[in-house]
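Worksheet for the structure shown next.
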Amino acid sequence: MANEDTKKKVVYSETIELDDLETENKALLETVDQLEEEKKLSDVHVRRMEEETVMLKELFNKTSSELSNLKKPSLLVADVITTDKDHKAVIKLPNGNKFYCNISNEISELFPGDSVLVEQKALNIVKRIDLGENQEVEKFVIMEKPKENWKDIGGLKEEIEEIKEVIELPLKKPELFKKVGIKPPKGVLLYGPPGTGKTLLAKAVAQSTNATFIEVVGSELVQKFIGEGAKLIKEIFNLARRKAPSIVFIDEIDALAAKRMETGTSGEREVNRTFMQLLAELDGFKCLDEVKIIGATNRIDILDHAMIRPGRLDRLIEVSLPDASGRLEVLKVHTKEMNLQKVKLKELSELMENFSGAEVRAVCTEAGYFAIRNDRDHVGQDDFLMAIDKVRMEEEEEDNGGFFG
Ligand code: ATP
């Protein structure tokens, strides 16, 4: 009986132990679940922390680069005046001071007139910048390498010699002027009646010096580009410096440089601003720079004297109507390629009194038309005589105010 009891006790206690173990096991499983849950949470936390660290690092880098940028001294904006073979350039600061500086190797090409950034102390050129200038201006001017040469000009021997001396020689042999120690004019003013060959002279000198010919018409600058005149002048000169050697030809310069009036309408003020800019540009470059200015006018009488003061367009060349021998020379030029038969050019030249070079050329063209209308391939004396009458009549009509005048 006692044994039975003992057995029962053992079984009972074993049952209790098993229950305890199961309970303990359950509790442990719950703890494991809880721990796993906690691990998951802490993983998320760690990931967040990592992301936050990356973000903070980025922020730090950005701020420190901004800080070092702010610590750097600002760069100066300057204009390039000339460059040389040693990768150096003469620059002009806005205060007008000029310096000879190094060009960074990262800049492959620079041209006179370019805008650049330079370091404050060392003044090394670190970057070429585009201020939105120079490109637009090419739309407003005629820019070419002219083909006209001295042989295309009839007569005007003295005028040709003078323009050669003032424009051609300094461009071709600047060292001569340096040696002798004189300053050539920056430009010339050609004046005289219409059609006498002023543009032709300017183009021929551009051709003989292989210079870029940049043509602007004074009246267009003030009428077409209202409010833009002064800016355009500045940009035209920058363009000329970039394309040097170059010749800036300003036709009808009187439209910009007429004697200034005291009372000013807004239109007059605009012309004045453009004119002042033109004077500033003329004063701003050196005589031996590779940019020359040729102004042309039919109205020297109304021209402001400021324009022709020493150091500006101080060489005046009069281009007058040709005399008979001049007209003969012009006739020879324009009949060179024509199929002439028994034409007495000398006699014709004497009949064309008061004709300009342009009118002499018009006579040659008209004479050719008379031949074509008569089914001929050669041009005779009569064709020329009729042509002279026609051109004279047209000129008289124009003087009387044209067909509708
Ligand atoms: P404007 O004052 O009206 O601008 P301009 O004096 O500039 O006139 P040009 O444009 O040079 O005159 O001349 C017009 C054309 O007349 C020339 O393209 C040329 O064909 C002819 N011509 C004028 N003068 C001469 C000349 N001396 N020799 C040959 N051709 C000439």
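The values are calculated or read from the model by the stated rules, or taken from the named source; none is laboratory data. Since we're looking at a predicted model, the values are computed, not measured. Quick reminder, even Gly has a Cβ in these numbers, built from the backbone with ideal geometry, and neighbours come from all protein chains shown. Protein only, heavy atoms only, side chains kept; ligands, DNA and RNA dropped before computing areas. Shrake-Rupley method; radii C 1.70, N 1.55, O 1.52, S 1.80 Å.
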Task: Residue ID - farthest from Lys231 (Cα to Cα), chosen from residues in segment 244-298 that are polar (S, T, N, Q) and either at pLDDT 75 or above or under 19 Å from the mean Cα position of the chain (by Cα) (or both) - done: Asn298
Open item on the list: Could you tell me how many of the residues in segment 87-105 are at pLDDT below 85 and exposed (fewer than 13 other Cβ atoms within 10 Å of the Cβ)?
Closed with: 4
- [ ] Six or more apart or on different chains, Cβ under 7 Å: which pairs go from a residue in segment 120-144 that's within 18 Å of Ile91 (Cα to Cα) and modelled with pLDDT of 85 or more to one that's among the aromatic types (Phe, Trp, Tyr) and open to solvent by less than 90 Å² (accessible area, probe 1.4 Å)? Could you list them?
- [x] Leu123/Phe99
Open item on the list: Can you find a residue that is within 11 Å of the ligand (Cβ to nearest atom), in contact with a His (Cβ under 8 Å, 6 or more places away or on another chain) and of a type outside the set (Val, Ile, Thr) anywhere in segment 314-325?
Closed with: no
Open item on the list: I'd like to know if segment 205-221 contains one or more residues that are of a type outside the set (Ser, Thr, Tyr), touching a Pro at 6+ places or on another chain (Cβ under 6 Å) and surrounded by fewer than 20 Cβ atoms within 10 Å (Cβ to Cβ).
Closed with: yes
TODO: Could you tell me whether any residue of segment 85-102 is under 30 Å from His334 (Cβ atoms), outside any strand (DSSP E or B) and of a type in the set (A, V, I, L, M)?
DONE: no
TODO: Within segment 154-186, work out how many residues are within 16 Å of the ligand (Cβ to nearest atom) and basic (Lys, Arg).
DONE: 2
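Take the conditions among the basic types (Lys, Arg), closer than 30 Å to Leu331 by Cβ and more than 16 Å from the ligand (Cβ to nearest atom) and apply them to Lys121. Does it pass?
No, not satisfied.
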Task: Which listed residue is over 16 Å from Ser115 (Cα atoms) and charged (D, E, K, R), from Lys71, Lys98, Lys88, Lys92 - done: Lys71
- [ ] Read through the list (1) open to solvent by 80 Å² or more (accessible area, probe 1.4 Å); (2) in a helix (DSSP H, G or I), then give the number of the only condition that Pro73 fails.
- [x] (2)
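For (1) surrounded by 15 or more Cβ atoms within 10 Å (Cβ to Cβ); (2) modelled with pLDDT under 95; (3) assigned to a loop (DSSP other than H, G, I, E, B); (4) under 42 Å from the mean Cα position of the chain (by Cα), each residue gets a yes or a no:
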position	(1), (2), (3), (4)
His334	yes, no, no, yes
Glu353	no, yes, yes, no
Val363	yes, no, no, yes
Ala367	yes, no, no, no
Asp375	no, yes, yes, no
Open item on the list: When the residues of segment 124-179 are narrowed to those that are of a type in the set (A, V, I, L, M) and part of a helix (DSSP H, G or I), which ends up surrounded by the most Cβ atoms within 10 Å (Cβ to Cβ)?
Closed with: Ile167
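Count, please, the residues in segment 180-196 that happen to be open to solvent by 90 Å² or more (accessible area, probe 1.4 Å) and modelled with pLDDT of 90 or more.
Looking only at that region, the number is 1.
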TODO: Specify the residue that is nearest to the ligand (Cβ to nearest atom); the eligible residues are those in segment 187-215 that are closer than 17 Å to Ala257 by Cβ and in a strand (DSSP E or B).
DONE: Leu190
